[in-house]
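The values are calculated or read from the model by the stated rules, or taken from the named source; none is laboratory data. Worth saying up front: this structure is predicted, and the values here are computed from it rather than measured. Cβ coordinates were reconstructed from backbone atoms using ideal geometry, including for glycine residues, and neighbour counts include every protein chain displayed. These area figures cover heavy atoms from the full protein model, side chains too; ligands, DNA and RNA do not enter into them. Shrake-Rupley method; radii C 1.70, N 1.55, O 1.52, S 1.80 Å.
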Amino acid sequence: MQDIVIIGAGGFGREVKTIIDTLNKDTKIYNFLGYYDDGIEKGKLVNGFPVLGNLEDLNNLKSNLSVVLGIGDPTVKSKIIASLNTNLLNFPTIIHPSVLISSDDVAIGFGCVICAGTIITCNIKIGNFVTLNLMCTVGHDTQIDDFSAFMPSVNISGEVFVSEKVYVGTGAKIINQLTIGKNTIVGAGAVVSRSLPDNCTAVGIPAKPIKFHENE
C-alpha cells in the first residue's frame, strides 16, 4: 500500500481524492494522507483530511511518497513540477475504474489523472501529467503531449496532435487530423475544425484565435 498525497486542495484536488477512494474500494492500494497547498493554512481539514503543508514542506520530506497533481491549469502544473527538487517523490497515473482503454497500442505516461467515463481508443500516446476530466473521448492515432488538460466532455477525434501545455475547455470538440499548438487555450464549447498555432486563445464555432499570449 502506497502513502499518497494530492497537491491542490481545491475542487479538482478533492475530485481526485474521490478517484483514489474508488480505487481503494475493493482492495486498498493507497493510504491517503492529505493535501499540500500553498494557499491553504497548514493543518486545516479538507473533507476530513489535513493540509500537510506547502510545496516547500514537500521538498523537505525525508521518506518516499506518491504524489498526484490535483490541478487543472497546464502552466501551473508545469511550474509545480519544476519547483519540486527532491528525488523521494513518485507520480503514479490515477485512472478511474470506469475508464475504457483499448489494449491496442495505448501508452500513457506518469502523473496523469483520467476521470470517470473517459474513453481512450487505439494507437494513442499520452504524455506525462496529462489531465482528462470526466467523460472525455480520445480517438485513434492521437498524441497528447505533457501537461495538457481537458475539461469535462471534451471530444478529440482521430489523428490529432495536441502539443504540450494545451488547455481545452468543457464540451469542446477537436475535429480529426488537426494540430493544436503548445500553450494554446481552447474555449469551452468551441469546435476546432482547423489547426491552431502556439500560444493562442481560440473560441467559437469554428474556433478562431482571438488573442495571443507569451509562453510562460
### Task
Report, by chain and number, residues whose modeled amide H sits under 5 Å from the one on VAL46, excluding near sequence neighbours (fewer than 5 apart, same chain).
VAL51
### Query
In degrees from 0 to 90, rounded to the nearest 10, what is the angle of the helix 74-83 Cα long axis to the longest principal axis of the chain?
40
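Can you give the Rg to Rh ratio for segment 118-187, taking only C-alpha atoms and Rh from Kirkwood?
Here the Rg-to-Rh quotient is 0.90.
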### Query
Taking 0.36 nm per intervening residue step and subtracting the Cα-Cα distance, what contour gain separates LYS125 from THR170 on full extension?
14.0 nm
### Within straight-line cross-link reach of LYS211, aspartates and glutamates at Cα separation under 14 Å, skipping those fewer than 8 residues along the same chain
ASP198
### Message
For segment 63-189, I need the span (max minus min coordinate) of the C-alpha atoms along each principal axis, in Å, sorted largest to smallest.
### Response
44, 30, 20
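Roughly how large, in nm² to one decimal, is the mean projection of the convex hull of the alpha-carbon atoms in segment 44-114?
6.6
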### Query
By how many nm would the segment from LEU61 to SER195 lengthen if fully extended, with 0.36 nm per residue of separation less the alpha-carbon distance?
43.9 nm
### Task
Quick one: what are the phi-derived ³J(HN,Hα) couplings along segment 135-149, Karplus 6.51/-1.76/1.60 with θ = phi - 60°, whole Hz, x for glycine and proline?
6, 8, 10, 10, x, 4, 6, 9, 10, 10, 8, 3, 6, 5, 9
### Query
Taking the mean number of other Cβ atoms within 10 Å as a proxy for protection, how do you rank 102-110, 166-174 from highest to lowest?
166-174, 102-110
#### Entry: ³J(HN,Hα) computed for each position of segment 15-31 - Karplus, 6.51 cos²θ - 1.76 cosθ + 1.60, integer Hz, glycine/proline x
5, 4, 4, 5, 5, 4, 4, 5, 4, 7, 4, 8, 10, 6, 9, 10, 9
#### Entry: Antiparallel content of DSSP bridges confined to segment 62-216, in %, to 5
10
### Message
Can you give the log10 of the normalised intensity I(q)/I(0) at q = 0.08, 0.16 Å⁻¹, computed with Debye over equal Cα scatterers of the chain?
### Response
-0.28, -1.05
### Task
With θ set to phi - 60°, apply the Karplus curve 6.51 cos²θ - 1.76 cosθ + 1.60 along segment 169-186 and write out the HN-Hα couplings as whole Hz, x wherever there is a Gly or Pro.
x, 3, x, 6, 10, 10, 6, 5, 6, 10, 10, 10, x, 5, 6, 8, 10, 10
### Task
Measure up LYS44/LYS165; LYS165/LYS208; LYS77/LYS182 against 21 Å on the Cα-Cα distance and list the ones that go over.
LYS44/LYS165
### Task
Report the FRET efficiency, 1/(1 + (r/R0)^6), for ASP105 and LYS25, where r is their Cβ-Cβ distance and R0 is 30 Å, rounded to 0.05.
0.50
### Task
At 1.4 Å probe size, with no ligands or nucleic acids counted, give the accessible surface of MET135 in Å², nearest ten.
120
### Task
Please list, in chain and number order, the residues 5+ apart from ASP38 or on another chain whose amide H is under 5 Å from its amide H, with Hs placed from the backbone.
LEU55
### Query
Can you tell me the accessible area per residue over the chain, all protein chains present, probe 1.4 angstrom, in square angstrom?
47
